[in-house]
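Each reported figure results from applying straightforward, stated rules to the coordinates on display, with no laboratory input. This is a predicted model, so every value here is computed, not measured. Ideal geometry is used to build each Cβ from the backbone, glycine not excepted, and the neighbour counts take in all protein chains shown.
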Amino acid sequence: MAFKEGETYLSNLIEFRVNFLCNATNFAEATRDKQSNHSTGTNASQPKSENARPHNSITRQKARADVSPRPITSRKVDNYKDCRPIFYVAGTNGTDLVINFCENRGWKQIYDNDRGDYLLKWCELNESANFQNFQAGKQLLNQIPNNRLLTTKVGLCSSLKNYEHSVTKYAKVIYPRFMKMEEFFPETYRMDVKSERLAFFNIMEDAPIWISKPAGSNLGRGIFLLKCHDDFLDFRAKLENVEQIPCCRTFCHLPINRIVQRYLHKPLLLDGRKFDVRSYLLIACTSPYMIFFCHGYTKVACNKYDPYSDDLTSHLTNQFIQKKNPRYNDMKEDTVWSMERLNDYINEKHMSADHLPKDWVFTVFTRRMQKIMKQCFLAVKGKLECKLGYFDLLGCDFMVDQNFKIWLLEVNSNPSLQRHCEVLKRVIPKLVYEALDLVFEIFKKSSKGLHILPLQSQKEFVLLHTGCNQKNLTKSTLMRTESSLSPTMLKKPCPMALCSVKRAEISSRQKPVTASGSIVTPAKVLQSTVSLASYRKLPAITLTPNLCQMKSHCPAGTSSDELDQLEATRNLDAFQKMSNAAQLKHLLAKNPHACSQQYQGLEGSPLLVNNAFHPRYINKMEAKPTEIKMSFKENKTPAGGNGDVA
């Protein structure tokens, strides 16, 4: 018994001494660390990180194999995740497509509308809060602050009228291809303007049907027809009552802020049903302006067309109105046609009967829509707020009457991107993805100061207007290869972003031909052919003294018209051969019309250029005046002789 008590006493004593030694060692190490921190100026009260353990302790633990190697975390990955571009999307109108686009690029979605560190913000409503913290050149926003000048019925009508007044009064020569409103926009009167309201009251019974539309509504809300005398009198009485009581100007049933438009009561029909075409106008950038056109789809009514019917589903073709028709569920797929189907229908039913060209939809109709949309943009171009990062996708509705005249109905902001039928499931996703690709590519190039054109993302969209420098445009930018085009684009006319250059019409009497078969090209024709090239890129031309004094041989008193006629009809001795025709080959290739048949013979034979180049053009060429004087002395030829043109 005593032996067991002694053994217990010894074991307790040994354990006590071991604990005492361990505590003393730890105390000594702590004291040493405190002194070292105090000597180096480190605050000992600060918490230590995991990587700040004493070296001796770590060495001892590694020797005992108590510590495994700590995994090294990569800070670059964490920083990448935190610094990913973020985007904000609000609404339900096709926003899933925008979210998919951004997530496929690795961007991160946020749900706080008040945050200002986004890269892309997509909103359905044009609110002032969206523009308060916008940073131009660093962010993208799918709204333009004052786009109501184009996207509301009152704004569009006023913008087109003001633009027509300005052009016809001040700049008729500058805009020779300007279209009057009566050529593409139905006769329209604003009810909030007294002069226009009184003008409508005087002529309101001249047309059989008028249509009244609120200024800023959509989805067919507040639209009604004026079809008879009683409708006109009732409508006038309501407007006069609203005018007399200023507090009732926003009367819920009849706001005075509306338009009255002449109704197109003889539209072109598809199987007896009314239709209109939705096309898209993309303002991809406002600094510089980059405007694109894209085909959409055809909206068709459910019921047969009756101009005097009280059912709005016979008059309005948008899907919000058509869903109210009891036959909509059965005819849903037939209320939206693709542009290919519309083109096939016109070819089959009207091409021979109405003497239309083949593929009228993708030729005449498409060019007309593009021209109308471009003029609408030009009407508001100087009034839109321009900042790098603003963009907008607009929907334009067009109608065709029985005479195949194209009319613009309206321009819509935030067009419907819903996909409730097969045609929309094919059209809308491609439209949204390519529009965002174009916007992002243009934004990226503009923010870095790079050349915008050509665009790698451009497939279905057609460039209508560009504000970038046109000298950067090349033939490859304008003429895309067939391998990169979709079947729909192959039927469309080739887009021309540059200003069209008129080809010189040369009759057979004005085409002198030499004995060797070489075509003689007057200087004016050559200048129009290479009008897109600067004079510094033209080849230098060596003139002989007798050619510089060409006009001195003309009789005194010869008028300028007679001089031009003499230059055009000069004999072959007055022309100079250009030995190196390859110098102009790359310039001719830049002109879209240089590939026509009348100039194909110039590539294989030496060009014969009229010697009547005006001295002011020669001075801008590469040849210096000293070089020209030397050439006069070295290349003296007798009168009437021909000298080679360098």
| task | Go through 330-339, 411-420, 234-243 and give me the packing order, highest mean Cβ count within 10 Å leading. | result | 411-420, 330-339, 234-243
| Cross-link list K387/K448; K180/K213; K332/K425; K266/K425; K323/K371: which exceed 25 angstrom alpha carbon to alpha carbon? | K266/K425; K323/K371
| said: Can you work out the Karplus-derived ³J(HN,Hα) for every residue in the stretch 198-213? Use 6.51 cos²θ - 1.76 cosθ + 1.60 with θ = phi - 60°, whole Hz, and x for glycine or proline. | reply: 5, 5, 5, 4, 6, 10, 5, 9, 6, 9, x, 9, 10, 10, 10, 10
| said: Skipping prolines and chain starts, which residues have an amide H placed within reach, meaning under 5 Å, of the one on E124, given they are 5 or more residues away or on another chain? | reply: A90
| remark: For C285, the residues 5 or more places away or on another chain with a placed amide H closer than 5 Å to its own amide H are M290
| said: Given R₀ = 35 Å, what would the calculated FRET efficiency be for K138 paired with V193, taking r from the Cβ atoms and rounding to 0.05? | reply: 0.30
| So how far apart, in nm, are the two label points at R177 and Q456 if each is 7 Å from Cα heading toward Cβ? | 3.1 nm
| field | Label point distance in nm, N329-F404, each placed 7 Å from Cα along Cα→Cβ | value | 4.1 nm
| task | Could you go through the stretch 159-169 in sequence order and give the Karplus-derived ³J(HN,Hα) for each residue, using 6.51 cos²θ - 1.76 cosθ + 1.60 with θ = phi - 60°, rounded to whole Hz, and x for Gly and Pro? | result | 5, 5, 5, 5, 5, 5, 5, 5, 5, 5, 8
| message | Roughly how far apart, in whole Å, are the Cα centres of the stretch 399-447 and the stretch 252-318? | response | 14 Å
| request: Within 10 Å, count the other beta carbons around each residue, average over each peptide in 202-214, 179-191, 141-153, and list them highest first. | output: 141-153, 179-191, 202-214
| query | At I223 and A129, where each label point lies 7 Å from the Cα along Cα→Cβ, what is the point-to-point distance in nanometres? | reply | 3.1 nm
| message | With the cut-off at 24 Å, tell me which of the pairs K238/K324; K153/K381; K324/K430 have Cα atoms farther apart than that. | response | K238/K324; K324/K430
| Given that compact globular proteins tend to follow 2.2 N^0.38 Å, what is the ratio of the alpha-carbon Rg of the stretch 328-472 to that value? | 1.23
